[in-house]
Amino acid sequence: MCGIIGILSEKNVTDNLVEGLSRLEYRGYDSAGIATLVDGQIQRRRAEGKLKNLSDRLYKEPLQGTIGIGHTRWATHGGPTENNAHPHATDKVAVVHNGIIENYQELKAELAEHQVRFLTETDTEVIAHLVTLFLNQGLAPREAANKAFSKLEGAFALVMIFTGEENLMIGMRQGTPLAIGYGKKEMFLASDSYALAPLTQKVCFLEDGDRVVLTRDNAEIYVNDNQPVEREVRVTAQSGATTGKGEYAHFMLKEIFEQPEVIGDTLNSFVNPATGQLMIEDNILDALSKAPRLTLIACGTAFYACMVAKHWFEKVAKIPCEVDIASEFRYREAPMPEGGVAIFVSQSGETLDTLEALRYCKRQKQKILCIVNTIESTIERESDMVLRTLAGPEIGVASTKAFTTQITTMACVALALSIKLGRCSDDEAQDMAAALRGLPKAVSLILQHDKDIERVAWDITKSRDMLYLGRGGMYPVALEGALKMKEISYIHAEGYAAGEMKHGPIALIDDRVPIIVVAPGNDPLFEKTASNTQEAVARGGQVILFSDKKGVNALKDVTQHAVTLEEVHPFVAPILYTLPMQLLAYHVAYIKGTDVDQPRNLAKSVTVE
């Protein structure tokens with residue numbers, strides 16, 4: 001989603017603005033721009049497309065200034081053009097903005113009565129003209145900003161600079177993240193502490209409704225126009241180190257191959273390496289074990305992680321569990337059980353739909369547990385309990401290592417709960433714990449099939465449609481595999497519970513539709529999946545099977561391709577069978593020549609509803 005950075009300094013800020021924007025690229029964007037004050041006047045450079053286009057523009061048309069704002073835009077209102085790119089400006093103010101101004105049409109009509117002429121299709125332009133209107137009425141910048149802020153509705157974060165004000169920057173947070181960075185004779189604002197990591201380690205996270213006035217020496221935070229408030233300034237744990245692709249062609253491939261390490265890191269935070277015992281905090285296990293129901297809520301890939309976790313929480317820990325899509329959940333006003341626990345899963349910890357669902361559950365007096373990857377996120381700060389996945393920064397927009405560390409984390413929790421509640425025998429617990437401890441090695445072995453999967457990918461690249469089938473814990477793997485294929489290759493792919501094929505989707509099958517079947521041979525539901533596969537083959541389906549030696553042998557006569565994976569414990573199979581789905585999508589996209597790391601129309605952190 002869109003990214004913001006603002007810098008007040010005593011030296012030229014252009015390079016650091018661009019560097020900050022480069023650290024926000026992983027969020028996804030389709031245009032970028034910066035604005036500074038040059039001799040007190042607002043000057044802008046903007047470009048459609050990748051940040052390189054902005055850098056090329058700045059090389060040809062350099063921009064100076066000791067105060068400036070920058071933005072990477074993911075289009076909501078208006079297409080991804082240079083004209084719609086941020087910052088938006090009048091002769092008196094320049095603005096960068098994340099989120100959506102819900103009442104912008106009403107404000108636009110109101111401004112039109114003052115003969116304001118609009119030049120873009122965006123909702124952001126309304127902010128610039130609104131502030132300018134109040135400045136023209138004789139208000140000082142702070143008062144004009146306050147009056148404009150009070151008229152805005154929606155979820156947003158914004159930062160603005162003013163003509164003639166070399167030592168003034170004003171921002172506001174309402175629903176989407178904004179952080180202050182503290183330096184020496186320098187101050188910063190950004191939508192992401194990751195963007196600030198090379199510039200400062202002292203960070204303050206604004207809360208909803210907070211407004212801030214920055215000078216080079218100070219940040220004054222206030223609410224309701226002018227009531228001052230104090231917010232904690234902390235030393236952030238974010239690393240200032242830059243992240244490169246190394247030997248890999250894309251960040252996504254690098255992140256796929258980082259999974260043995262990051263899954264190992266995540267396991268080591270939950271499993272005692274000396275004893276093998278699970279180390280989930282007592283307060284978390286107590287809350288979960290006493291809950292009459294667990295409610296898991298997330299969006300996108302994280303939603304599929306929740307579906308895998310539901311399988312474990314109910315099958316292994318025997319705890320009733322519901323899974324909901326965050327964007328749908330709160331609008332049906334679901335009744336929540338007394339003593340229930342709501343679990344929220346998010347890579348970024350800033351996904352607005354997930355955050356609003358969390359707030360609904362808090363109002364329903366649920367205990368809140370979050371599973372997040374990004375340090376110091378809003379979701380983490382608003383939760384009662386936190387489990388961090390240790391995937392590290394994930395730059396590729398299509399989630400890979402964040403997903404597998406999420407489900408690894410929830411596997412640890414489900415097993416710990418099962419042991420605490422006596423829902424599994426000692427032998428079963430030891431077998432599952434051993435399977436968890438063996439995950440890093442097992443992941444490494446799965447990744448060795450990369451070349452086999454690449455060969456399969458060549459036969460898929462010209463397909464228009466694909467189907468993915470799985471049962472039990474493999475059903476969400478099929479859904480996630482189809483999502484990955486859609487996201488980065490732009491092939492229409494759908495995941496189905498294999499047993500549901502005969503209830504409608506089987507009508508889609510012909511000899512031009514590849515069917516990906518994920519079915520470990522030692523899975524209790526393998527025979528059922530094998531029957532469903534036979535049904536697809538009978539209709540001309542071209543089956544590509546991912547299984548172990550036993551499964552491949554059982555279906556060798558009906559598969560077009562088979563990738564023979566190592567035999568794995570059924571408990572951890574959903575984690576391990578996810579990796580070939582990631583590699584298959586990657587290779588198809590690479591062969592097709594799509595933008596693997598930043599696929600069209602997608603954003604890493606979705607901070608609008």
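The values are calculated or read from the model by the stated rules, or taken from the named source; none is laboratory data. Source: prediction; values computed, not measured. A quick note on method: Cβ atoms are made from the backbone with ideal geometry, for glycine too, and the neighbour counts reach across all protein chains shown. What goes into the accessible areas is simple: the full protein's heavy atoms, side chains included, and nothing from ligands, DNA or RNA. Shrake-Rupley method; radii C 1.70, N 1.55, O 1.52, S 1.80 Å.
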**Report entry** Selection of trypsin sites (Lys or Arg not before Pro), segment 72-118, meeting DSSP coil and at most 16 other Cβ within 10 Å
**Finding:** 117
Requested in this report: Report ³J(HN,Hα) in whole Hz for each residue of segment 205-220, in order, from the Karplus equation J = 6.51 cos²θ - 1.76 cosθ + 1.60 where θ = phi - 60°; Gly and Pro get x.
Outcome: 9, 6, 10, 4, x, 6, 10, 9, 10, 9, 10, 5, 10, 7, 10, 10
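Can you tally the net charge around residue 282? Count Lys and Arg as +1, Asp and Glu as -1, for every other residue whose Cβ sits under 13 Å from the Cβ of residue 282. Spell out each step's value before the answer.
Numbers: positive: 290, 420; negative: 281, 286.
That works out to 0.
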Query raised in the report: Expressed as a whole number of Å, what is the distance separating the alpha-carbon centroids of segment 101-161 and segment 206-220?
Result: 19 Å
Report summary line: residue 567 and residue 121 label points (each 7 Å along its Cα→Cβ direction) are spaced in nm at 5.8 nm
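Calculate the FRET efficiency for residue 511 and residue 592 from the Cβ-Cβ distance with a Förster distance of 25 Å, rounded to the nearest 0.05.
Efficiency, rounded to the nearest 0.05: 0.75.
Between residue 83 and residue 275, what is 0.36 nm times their sequence separation minus the Cα-Cα distance? Round to one decimal in nm.
Working: separation 192, 0.36 × 192 = 69.12 nm, distance 6.05 nm.
That works out to 63.1 nm of additional length.
Let me spell out the model: positive unit charges on the Cβ of Lys and Arg, negative unit charges on the Cβ of Asp and Glu, origin at the Cα centre of segment 318-415. What dipole size does that give, in debye rounded to 20?
240 debye
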Report summary line: Within the under-15-Å Cβ sphere about residue 513, not counting residue 513, Lys/Arg +1 and Asp/Glu -1 give a net charge of -1
Query raised in the report: Hey, how many Å between the Cα centroid of segment 287-350 and the Cα centroid of segment 512-534?
Result: 27 Å
Report summary line: log10 I(q)/I(0) for segment 379-497, Debye formula on C-alpha points only (no solvent), q = 0.11, 0.17, 0.21 Å⁻¹, two decimals, reads -0.54, -1.13, -1.37
Report task. Determine which residues of segment 379-416 fall in the zone a paramagnetic label at residue 282 would reach in this model, i.e. backbone nitrogen under 18 Å from the point 7 Å along Cα→Cβ. Result -> 385-386, 416
Query raised in the report: Could you give the dipole magnitude of segment 40-193 about its Cα centre, charging the beta-carbon of Lys and Arg +1 and that of Asp and Glu -1, in debye to the nearest 20?
Result: 500 debye
**Report entry** Beta bridges by DSSP in the chain, antiparallel share as percent, to the nearest 5
**Finding:** 60 percent
Query - Loop sites in segment 462-517: trypsin sites (Lys or Arg not before Pro), DSSP, at most 13 other Cβ within 10 Å - result: 462, 464, 512
Report summary line: Mean shadow area (nm²) of the C-alpha convex hull around segment 310-376 is 4.9 nm²
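Per residue of the chain, what 222 nm ellipticity follows from adding -39500 (n - 2.57) for every DSSP H run with n ≥ 4, rounded to the nearest 500?
Helices in the chain give a 222 nm mean residue ellipticity of -11000 deg cm²/dmol.
When only C-alpha pairs under 8 Å and at least 6 residues apart count, what is the relative contact order of the chain, in percent?
Values: 1363 pairs, mean separation 72.4, N = 609.
For the chain, the relative contact order is 12 percent.
Eigenvalues of the Cα gyration tensor times 5, then square-rooted: what semi-axes does that give for segment 132-234, in whole angstrom, largest first?
Equivalent ellipsoid semi-axes, largest first: 22, 16, 12 Å.
For a quick check of your reading of the filter: which GluC sites (Glu not before Pro) in segment 10-45 sit in a DSSP loop and have no more than 16 other Cβ atoms within 10 Å?
Working: sites: 10, 19, 25; in loops: 10.
In loop regions of segment 10-45 (DSSP not H, G, I, E or B), the sparsely surrounded GluC sites (Glu not before Pro) are 10.
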Report summary line: Of the listed links 11/52; 50/151; 92/184; 60/401; 50/592, those spanning more than 30 angstrom between alpha carbons are 50/151; 60/401
Report task. Using Cα centres only, tell me the gap between segment 400-460 and segment 548-571 in whole Å. Result -> 18 Å
Report summary line: Any DSSP H helix in the chain with Cα axial reach of 27 Å or more and mean Kyte-Doolittle score of at least 1.0? Listed by number, the hits are 401-421
**Report entry** Added length on full extension, which subtracts the Cα-Cα distance from 0.36 nm per residue, residue 226 to residue 454
**Finding:** 76.1 nm
**Report entry** Accessible area of segment 413-500 divided out per residue, in Å², using a probe of 1.4 angstrom
**Finding:** 42 Å²
Query raised in the report: How much net charge surrounds residue 227 when only the other residues with a Cβ under 14 Å from the Cβ of residue 227 are counted, with Lys and Arg +1 and Asp and Glu -1?
Result: -2
**Report entry** segment 272-375, accessible area per residue, ligands and nucleic acids excluded (1.4 Å, Å²)
**Finding:** 41 Å²
Report summary line: FRET efficiency (residue 217, residue 52; Cβ distance; R0 45 Å; to 0.05) is 0.80
Query raised in the report: Extension gain residue 151-residue 381, at 0.36 nm per residue separation less the Cα-Cα distance, in nm?
Result: 80.0 nm
Report summary line: Treating only Lys and Arg (+1) and Asp and Glu (-1) as charged, each at its beta carbon, one finds that segment 389-432 has a dipole about its Cα centre, in Debye to the nearest 20, of 220 debye
